[in-house]
Amino acid sequence: MLPAQNAEDCPGSPDPRGPMMSAPNAEDRPVPGDALSGSADGRSAPTESVLVAFGATEPVRRLAGGKDGTWRSGGIVLKPAEGVAETIWRCGVLDTLPESPEFRIARPVRARDGGWLADGWEAAWFVAGDADPRRVDDVINAGAAFHRAIAALPRPSFLDTRTDPWAYGDRLAWGPSRTESGGLAQLLAARRPVDLPAQLVHGDLLGNVLFAAGQPPAIIDWPAYWRPPAWAAAVAVVDALCWHGVHPSAVDRWSHLSDWRQLLIRALVFRIAADRTAEPHEAYLPVVDLVLGL
């Protein structure tokens, strides 16, 4: 079995923007009123004007994850928006997405002026549940249901202008070959053409599917990518193997998916390149060997 890792030791683990609509836990803590003086960098609590704009009237608590930038006030969860165009687009999609018996979503909350942003913050309704990265198969199945629901959406133009580390990793994984070293060079050299239809997908499923007894899984914190849906499954499997000690048999269980080895290779490039380090974190190395040996 591949070794488990602690999240604090994982610079290349799933998107450190982290869950936005997560369930409460022991790390949630109330914030006194004099702390309500922050800006939209998220390190401080949302200002009183932001809370008023979204109708949030309860004391705020910081939620774990999300770079310490996610806050809950009663049934409303708030965090700084990362990309105005993407936030407005995503909120519009999730606001009108039909209910499904297969998954839940965190519906966005409109500000008092009718928009989706207030002073650089966005908000959504809290959804109950906890992430369980060891339930990778259930995560993938929930993601597949979500992807079926959004399959007809057109490609948004903001995907071409993102410059964050994950956008860099995505472009390296799928773009023209370039000179790299170490494990990345091996992976890039092993790429072969993939001829699978692309659509909008969730690029960080493993830590952003919440499970609650008696309810469908909840999909939160959607970073949008235009890739084959099975690539999202490959990212989830790679994350589970690298950071959560999931048995390598997870690779075999999803090997019926078309071009599975190639999608795993691209998932590894995506994650490793987003670290922007000279060499992959050691947690990736046994997974790189596993995938290249398929």
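Tally up the residues in the stretch 45-55 that are buried (at least 23 other Cβ atoms within 10 Å of the Cβ) and either small (Gly, Ala, Ser) or at pLDDT below 95 (or both), please.
1
Take the residues in the stretch 217-274 that are more than 19 Å from the chain's Cα centre (by Cα) and of a type in the set (Ser, Thr, Tyr), then tell me which one is farthest from ASP160 (Cα to Cα).
That would be SER249.
Of all the residues that make up the stretch 93-122, how many are part of a loop (DSSP other than H, G, I, E, B) and either surrounded by 14 or more Cβ atoms within 10 Å (Cβ to Cβ) or of a type in the set (Asp, Glu) (or both)?
Summing the residues that are part of a loop (DSSP other than H, G, I, E, B) and either surrounded by 14 or more Cβ atoms within 10 Å (Cβ to Cβ) or of a type in the set (Asp, Glu) (or both) in the stretch 93-122 gives 15.
Of all residues in the stretch 74-92, count the ones that are surrounded by 15 or more Cβ atoms within 10 Å (Cβ to Cβ) and either assigned to a helix (DSSP H, G or I) or touching a Pro at 6+ places or on another chain (Cβ under 7 Å) (or both).
Of the residues in the stretch 74-92, 7 are surrounded by 15 or more Cβ atoms within 10 Å (Cβ to Cβ) and either assigned to a helix (DSSP H, G or I) or touching a Pro at 6+ places or on another chain (Cβ under 7 Å) (or both).
Within the set of pairs 6+ apart or on separate chains, which have a first residue in the stretch 201-218 that is farther than 11 Å from ILE105 by Cβ, a second that is of a type in the set (A, V, I, L, M) and surrounded by fewer than 17 Cβ atoms within 10 Å (Cβ to Cβ), and C-beta atoms under 8 Å apart?
Pairs that qualify, where the first residue is farther than 11 Å from ILE105 by Cβ and the partner is of a type in the set (A, V, I, L, M) and surrounded by fewer than 17 Cβ atoms within 10 Å (Cβ to Cβ), are ALA212/ALA128; GLN215/ALA128.
Pull out all pairs, ordered by first then second residue, where Cβ-Cβ is under 9 Å, the residues are six or more apart or on different chains, the first lies in the stretch 232-246 and is outside the structural domain of VAL209 (by TED's automatic domain parsing) and of a type in the set (Phe, Trp, Tyr), and the second is crowded, with 24+ Cβ neighbours inside 10 Å and at pLDDT below 95.
Here the result reads none, with nothing in the stretch 232-246 linked to a residue that is crowded, with 24+ Cβ neighbours inside 10 Å and at pLDDT below 95.
Show me the helices (runs of 4 or more DSSP H) entirely contained within the stretch 123-195 in which 2 or more residues are aromatic (Phe, Trp, Tyr).
The helices (runs of 4 or more DSSP H) meeting that bar are 165-174.
The values are calculated or read from the model by the stated rules, or taken from the named source; none is laboratory data. Bear in mind that the values here come from a model prediction, so they are computed numbers and not experimental data. Glycine also receives a Cβ, built like all others from the backbone with ideal geometry; neighbour counts cover every protein chain displayed.
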